[in-house]
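Worksheet: one structure, shown below.
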Ligand code: ATP
Ligand code: MG
């Protein structure tokens, strides 16, 4: 369905913010104005839920999670950054593979199946977007994804 992404994203972040551990803070850098995208809200919720849950799970005590949206030519670029321990450079692309866990010992402690980001990748690509990560050991992690903007419509409707 046609969704205004900025207000949708604020909404999703609000819901998480009510339940985060006290030592973690959120900052938002979402553009003002409207950005319409054609999405399945439930599926995109699954994507955001996984990325945000990871960011929380891997955040250090007192960490900040930063949410950004930038409007580009014909797409929006969404990013979610944390200040966690990061992922070694040579492993960053692997985190989107099924069952991949960057650090076995740590993963066992923190739980999870290693499927979250693989599913997120499928769902973003089903929306004609791309998803990738930037990280480094001790440098925190940023997950980026894009979604195509809807063209201007002459008439509103379904
Ligand atoms: P699941 O999401 O299925 O519960 P998971 O969180 O381990 O399990 P993914 O979300 O697919 O699985 O992430 C894959 C791996 O990538 C994680 O196990 C972790 O090693 C690494 N990873 C993902 N996000 C981050 C992050 N923000 N900081 C550090 N490592 C991360
Ligand atoms: Mg996960």
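Throughout, read-outs are computed from the coordinates displayed, never taken from laboratory work. Keep in mind that this is a model prediction, so the values were computed, not measured. Counting neighbours? That spans all protein chains shown, and the Cβs are built from the backbone with ideal geometry, glycine included.
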Checklist outcome for this item: In this structure, the FRET efficiency calculated for residue 34 and residue 132 from their beta-carbon separation, with R0 = 22 Å, to the nearest 0.05, is 0.30
Checklist entry - Normalized C-alpha radius of gyration of the chain, against 2.2 N^0.38 Å? => result 1.05
Next on the checklist: Taking the number of other C-beta atoms within 10 Å as the exposure measure, put 66, 130 in order starting with the fewest.
Outcome noted: 130, 66
Checklist entry - Tilt of helix 116-126 relative to the longest C-alpha principal axis of the chain, in degrees (0 to 90, nearest 10)? => result 20
Checklist outcome for this item: The extension gain from residue 97 to residue 74, computed as 0.36 nm times the residue separation minus the Cα-Cα distance, is 5.5 nm
Checklist outcome for this item: If one builds a Gaussian network model of the chain from Cα atoms under 10 Å apart, the most fluctuating residue listed among 53, 81, 32 is 32
Checklist outcome for this item: The FRET efficiency for residue 15 and residue 41, from their Cβ-Cβ distance with R0 = 22 Å and rounded to 0.05, is 0.95
Checklist entry - By average Cβ neighbour count within 10 Å, what is the ranking of 94-102, 142-150 from highest down? => result 142-150, 94-102
Item to check | For segment 1-156, share of DSSP beta bridges that run antiparallel, in % to the nearest 5 | outcome: 80
Item to check | Helical contribution to [θ] at 222 nm, DSSP H n ≥ 4, -39,500 (n - 2.57), averaged over the chain, rounded to 500 | outcome: -9500 deg cm²/dmol
Checklist entry - Between residue 64 and residue 25, what length in nm is gained on full extension when 0.36 nm per residue of separation is reduced by their alpha carbon distance? => result 13.6 nm
